[in-house]
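Engineer: Let me give you the structure first, and then I'll get to my questions.
The values are calculated or read from the model by the stated rules, or taken from the named source; none is laboratory data. On a predicted model such as this, the values are computed, not experimentally measured, just so you know. Counting neighbours? That spans all protein chains shown, and the Cβs are built from the backbone with ideal geometry, glycine included.
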Amino acid sequence: MLKSVDVLLERYLAITRAIAGQMDFQSVLGEIAGEVHQLFGHDHLDISILLPGNPDRNVSFEVGMSTQWGETRDTPHRTAQSPIRDLLTGKVSNFLTGDACNDARFHFEGAFDSPIFEANLRSRVHVPLQVHGAVYGSLNISSQEIDRYDDEDVEVAQQVADLLAPYFYALIWGDQAKNAALAEGAARGREEALRLGALRLTEGMENERKRIGMDLHDQTLADLTRILQRIPGMKRNPARAGSAFTGIANEINTCVKELRRIIEDTKPSVMDLFGFTQAIEAQLERSVAGIVPPVKTSVQDLTASIVDEFPDSLRTTLFRIVQEAINNAVKHSSPRQVSVGIDADDFIVLINVCDDGSGMCEPEENPTGGMDNMRVRAAIISAELDISANGPEGGTRVSISIPRNQSLPGKAETMENEPLVKAAI
Ligand SMILES: Nc1ncnc2c1ncn2[C@@H]1O[C@H](COP(=O)(O)OP(=O)(O)OP(=O)(O)O)[C@@H](O)[C@H]1O
Ligand SMILES: [Mg+2]
């Protein structure tokens, strides 16, 4: 297809105008698709990008028709399986075919070539995206018409690719820099969380010492004193000592249980030390430990730990609800994955516990069961609880939404329902 220099120049300028200011691959492609269409009349347009630092894998971005190539962004594909691997590895300088469905170069053992057939891509032009002479991706133009492109199209495609290449390259490295900054931020965040955890631990232990002192005084000391007071009676009346011994043994038993409770309560919890999200992570790990086949777990907190701003008792109640939802998912649904998401807008905090398991049958009426406790706990802290099917992929989603203003400073002291909250923990 012969194109005049004026037309080409006009299109190239339009392409450069279109990409300016676009900050990601998909937007760039979306913006240039129209201009590129004027040049090639394509049915499918995509770019493949080798992963920076791992050229054995690549991802594709496409516009117009969507194929499995475009679905691989979250799981990058092996470059060795790409139908255009020879171009991506620099073995050939371009690909031009009049009918990709019947061109042996695209089809080899293990080739990820199914989209060619599914989308009926016939004529194809592939040119490299390169910087400093090294290939880091490709521009791929396809038409469903046989023999649509010729050498001139390859030349024009290469010029378009050369226009786009520096821009895409900058986007890749911009992304890399952003990810590095995020990773560094997360590492700093973890360090800060540890520091705060240690601080809270010191304060927490001081409070614990006081609480243990009081518990030992009010409970254990009182129990032991009572037991001791029974000894003189036994001495005075040895004949009844046998039955008295049983009573004492029972009381010592109770005392030991009480001591155990005091010791149990003393251990600072993960939540006290590291916050709600880490406590959920620890709970997930504990709940799925030893299950075969293994259950994947994930926690995503998009709120910068907003739940930790809630009063302690409310936070613990939320944790108990999430804990039961996690345990139910693991116990009843045989899931492959259980995930917890925490998100917030200006008004509410939303916590989702999702599994991809069997889904809920009608739960049996069990007024003392965990779900019932979840509902009671949610009602007490004014949270909404919703249990529903987890979208088309199956499984169950438990959503807890709670008004955000409960985290306002001072709320902890003034919350009218604080005693009720304590009762719900
Ligand atoms: N995530 C889930 N996937 C599939 N079924 C579920 C899920 N959560 C709950 N169920 C169903 O709902 C029922 C009621 O759950 P509930 O937590 O009230 O009781 P339980 O887990 O059986 O017992 P408990 O919590 O008292 O130990 C369960 O027996 C189960 O059939
Ligand atoms: Mg349960």
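Yes/no matrix, rows are residues, columns are (1) within 30 Å of Leu13 (Cα to Cα); (2) touching a helix residue (DSSP H, G or I) at 6+ places or on another chain (Cβ under 7 Å); (3) of a type outside the set (Asp, Glu):
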site	(1), (2), (3)
Val156	yes, yes, yes
Ala161	yes, no, yes
Ala170	yes, no, yes
Lys178	yes, no, yes
Ala187	no, no, yes
Ala193	no, yes, yes
Arg200	no, yes, yes
Met214	no, no, yes
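Engineer: Now for a different question. Given the structure, is Arg200 within 30 Å of Phe276 (Cβ to Cβ), in contact (Cβ under 8 Å) with a residue 40 or more places away in the chain and of a type in the set (Lys, Arg)?
Structural biologist: In short, yes.
Engineer: Those residues that are over 20 Å from Tyr149 (Cα atoms) and either under 36 Å from the mean Cα position of the chain (by Cα) or of a type in the set (A, V, I, L, M) (or both), I need them from the stretch 114-132; list them, please.
Structural biologist: Selection gives Ser114, Glu118, Gln130, Val131.
Engineer: Which of the residues belonging to the stretch 292-313 are assigned to a helix (DSSP H, G or I) and either at positive phi or in contact with a strand residue (DSSP E or B) (Cβ under 8 Å, 6 or more places away or on another chain) (or both)?
Structural biologist: Result: Ile306, Val307.
Engineer: Checking the structure you have, find out if any residue of the stretch 322-332 is within 12 Å of ligand 1 (Cβ to nearest atom), surrounded by 15 or more Cβ atoms within 10 Å (Cβ to Cβ) and outside any helix (DSSP H, G or I).
Structural biologist: No, the conditions are met nowhere in the stretch 322-332.
Engineer: I've got another one for you. Do you know which residues across the stretch 7-64 are out of contact with any helix residue (DSSP H, G or I) (no Cβ under 8 Å at 6 or more places or on another chain), acidic (Asp, Glu) and modelled with pLDDT under 85?
Structural biologist: If the condition is that a residue be out of contact with any helix residue (DSSP H, G or I) (no Cβ under 8 Å at 6 or more places or on another chain), acidic (Asp, Glu) and modelled with pLDDT under 85, then Glu10 is the only one that fits.
Engineer: Being β-branched (Val, Ile, Thr) and within 16 Å of ligand 1 (Cβ to nearest atom) is the filter here; which residues of the stretch 295-321 pass it?
Structural biologist: Val295, Thr297, Ile321
Engineer: Further question: If Cys361 satisfies every condition in (1) assigned to a helix (DSSP H, G or I); (2) within 16 Å of ligand 1 (Cβ to nearest atom); (3) free of Cβ contacts under 8 Å to residues at least 24 places away in the same chain but one, which is the exception?
Structural biologist: Only one criterion in (1) assigned to a helix (DSSP H, G or I); (2) within 16 Å of ligand 1 (Cβ to nearest atom); (3) free of Cβ contacts under 8 Å to residues at least 24 places away in the same chain is unmet by Cys361, namely (1).
Yes/no matrix, rows are residues, columns are (1) modelled with pLDDT under 85; (2) among the charged types (D, E, K, R); (3) surrounded by fewer than 18 Cβ atoms within 10 Å (Cβ to Cβ):
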residue: Asp151; (1), (2), (3): no, yes, yes
residue: Asp162; (1), (2), (3): no, yes, yes
residue: Leu171; (1), (2), (3): yes, no, no
residue: Asp175; (1), (2), (3): yes, yes, yes
residue: Lys178; (1), (2), (3): yes, yes, yes
residue: Ala186; (1), (2), (3): yes, no, yes
residue: Arg195; (1), (2), (3): yes, yes, yes
residue: Glu203; (1), (2), (3): yes, yes, yes
